[in-house]
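Below is one structure, written out as structure tokens; the observations come after it.
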Amino acid sequence: MTENRVHQEVDGIVEEDNQLPNWWLATFFGAIIFAYGYWQYFHVWQIGQSPAQEFAAYQETVKQKQPAGGGDNVKPDVLLAAASGPEAQQGAQIFAANCAACHGNAGEGKIGPNLTDSFWLHNGDPVSIHTSIANGYPLKGMPAWKAVLGTEKVTQVTAYVLSLKDKNIPGKPPEGEAQPAAPGKTTSL
């Protein structure tokens with residue numbers, strides 16, 4: 001056992017000069033050697049990709065593999081036709097179960113924006129609405145529903161939201177930019 005040596009004593013407080021344990025010293029010097037090797041390998045010699053570069057390359061390949069529009073190749077005319085068909089009725093049930101907590105039972109807006117007016121945060125065209133539902137906006141609190149609901153149900157919810165558009169149900173004040181009225185609907189603000 002090592003001997004403790006008193007280094008300094010002031011006001012009854014004793015400072016001792018103890019030797020550090022060997023296991024701690026081995027870990028400390030091992031971390032220094034590892035850091036030096038890591039720096040040489042990734043930054044000086046640039047032999048391999050750093051983890052950050054590898055992750056960025058992976059994200060780029062995923063982005064290239066995923067088509068635009070939420071990955072479903074949806075067409076605006078198909079979504080508009082679904083808004084007046086049975087898909088919208090099925091979408092209403094899915095909306096009530098998953099979306100009403102934030103957007104209100106009638107889409108009037110609670111935490112989330114009002115879906116019945118002509119103002120939209122992320123563009124109000126059918127494909128943009130579908131993409132918003134499928135991919136979400138996690139930083140703004142809108143979850144991505146495609147993984148939870150699947151492609152068919154996301155399309156049904158999109159059809160329902162399109163059927164709500166421009167109904168102007170009183171609720172949360174308008175957010176975003178005004179969009180042109182849907183064909184056959186008039187706005188009254």
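At-a-glance table
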quantity	calculated
Accessible-area order (highest first, 1.4 angstrom probe) of the listed residues Ile129, Ile47	Ile47, Ile129
Under-5 Å amide H pairs with Gly112, H placed in peptide plane, nonlocal only	His103
Pairs beyond 28 Å (Cα-Cα), from Lys140/Lys172; Lys63/Lys110; Lys63/Lys172; Lys75/Lys146; Lys63/Lys167	Lys63/Lys110; Lys63/Lys172; Lys63/Lys167
Nonlocal amide H pairs with Met142, under 5 Å, H built at 1.01 Å	Tyr137
Accessible area per residue, Å², the range 79-189 with all protein chains present, probe 1.4 Å	51
Where Asp117, Asp77, Asp11 fall by accessible area, highest first, once all protein chains stay in place (1.4 Å)	Asp11, Asp77, Asp117
Choice from His103, His122, His43 with maximal GNM fluctuation in the chain (Cα, 10 Å cutoff)	His43
Phi to ³J(HN,Hα) by Karplus 6.51 cos²θ - 1.76 cosθ + 1.60 over the range 162-172, Hz, x for Gly, Pro	5, 6, 7, 4, 6, 7, 6, 6, x, x, 5
Spin-label model distance (nm) - Ala144 vs Asn22, 7 Å beyond Cα toward Cβ	5.2
Carbon and sulfur %, accessible surface of the chain computed with the full protein complex present, 1.4 Å	59
Mean-position separation - Cα centroids, the range 81-124 and the range 4-68, in angstrom	50
Within a Gaussian network of the chain (alpha carbon springs, distance under 10 Å), most fluctuating of Tyr36, Tyr160, Tyr58	Tyr36
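The values are calculated or read from the model by the stated rules, or taken from the named source; none is laboratory data. In this text, all values refer to a predicted model and were calculated from it rather than measured experimentally. Note that we place each Cβ from the backbone using ideal geometry, even for glycine, and neighbour counts take in every protein chain shown. The accessibility values were calculated without ligands, DNA or RNA, using every heavy atom of the protein model including side chains. Shrake-Rupley method; radii C 1.70, N 1.55, O 1.52, S 1.80 Å.
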